[in-house]
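See structure below.
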């Protein structure tokens, strides 16, 4: 798949959590963006101190949809890119390069596929699920998403829609500091992962905070799980 300079028009930008913005982008190069689920594009920011400052963002939409591309971008107080994104209103032309990356779903998948992410690390996993829903209906998919609190959960509605096509898709939000009314998982994502049956054929995909990836990887390797079946993409 050729990598090239891309120009997108920002058709819509919304706050989907207090810290995450969702960008809807329309490729201005016909016939649209050719990519594989799990890949990313490089946002070409305006130069900072005269130097290029590209930033990588995973595509958060199905690979079949080449003309309506979505990104989810988390705000960091000192983040050059995320602070620039906060100035966008919609209608801007934004340059990218791509697509890049080999963080792709292995096919045929194992009997059980486990996606573990923090916040916007969900993006490539949602793309994989949305792209493969019609062809992998019998796969046992599990998503463990670690976020700070209930307000930081996103794509819940979209994942519920996918569960109508993927009856074996299980989604578990693991909250670090939930309200007292929260009935779901709490603490770190390593806790529910520790309880999984990984004796049957399983593949793990980890995406997000490097500390989370390190912890989950150490947990799995400590149980004798094969390194070859752990695939990672680090954010931040």
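The values are calculated or read from the model by the stated rules, or taken from the named source; none is laboratory data. None of the values given here were measured: they were computed from a predicted structure. Backbone-built Cβ (ideal geometry, glycine too); neighbour counts: all protein chains shown.
For the reader, a short list of remarks on this structure follows.
- Criterion applied to 124, 108, 99 was being surrounded by 24 or more Cβ atoms within 10 Å (Cβ to Cβ) and on the phi < 0 side of the Ramachandran plot, and the one residue passing it is 124.
- Per-region count, the range 37-78, residues farther than 27 Å from residue 152 by Cα and at pLDDT 95 or above: 1
- Going through (1) touching a strand residue (DSSP E or B) at 6+ places or on another chain (Cβ under 7 Å); (2) buried (at least 16 other Cβ atoms within 10 Å of the Cβ); (3) under 22 Å from residue 105 (Cα atoms) one by one, residue 74 falls short only on (3).
- Scope the range 104-151; condition more than 15 Å from residue 171 (Cβ to Cβ) and in contact with a helix residue (DSSP H, G or I) (Cβ under 6 Å, 6 or more places away or on another chain); matching residues: 105
- Counted as qualifying within the range 92-186 are the strands (runs of 3 or more DSSP E) with 2 or more residues that are within 13 Å of the chain's Cα centre (by Cα), namely 112-118, 140-147.
- Annotation: of all residues in the range 199-216 being touching a helix residue (DSSP H, G or I) at 6+ places or on another chain (Cβ under 7 Å) and farther than 21 Å from residue 72 by Cα, the one that is surrounded by the fewest Cβ atoms within 10 Å (Cβ to Cβ) is 215.
- Residue in the range 49-71 that is surrounded by 13 or more Cβ atoms within 10 Å (Cβ to Cβ) and farther than 21 Å from residue 126 by Cβ present: yes
- Conditions (1) in the same structural domain as residue 40 (by TED's automatic domain parsing); (2) in a loop (DSSP other than H, G, I, E, B); number of the one not met by residue 82: (2)
- Taking the range 192-220 as the range and being in contact with a strand residue (DSSP E or B) (Cβ under 9 Å, 6 or more places away or on another chain) and more than 26 Å from residue 58 (Cα to Cα) as the test, the residues that pass are 196, 197, 198, 200, 201.
- First in the range 190-219 and on the phi > 0 side of the Ramachandran plot, second anywhere and assigned to a helix (DSSP H, G or I) and at pLDDT 95 or above, Cβ under 9 Å, 6 or more apart: 208/119; 208/120; 208/121; 208/122
- Residue match in the range 129-152 (condition: surrounded by fewer than 13 Cβ atoms within 10 Å (Cβ to Cβ) and closer than 19 Å to residue 231 by Cβ): no
- Candidates 48, 41, 85, 72: the one that is closer than 30 Å to residue 149 by Cβ and in contact with a helix residue (DSSP H, G or I) (Cβ under 9 Å, 6 or more places away or on another chain) is 72.
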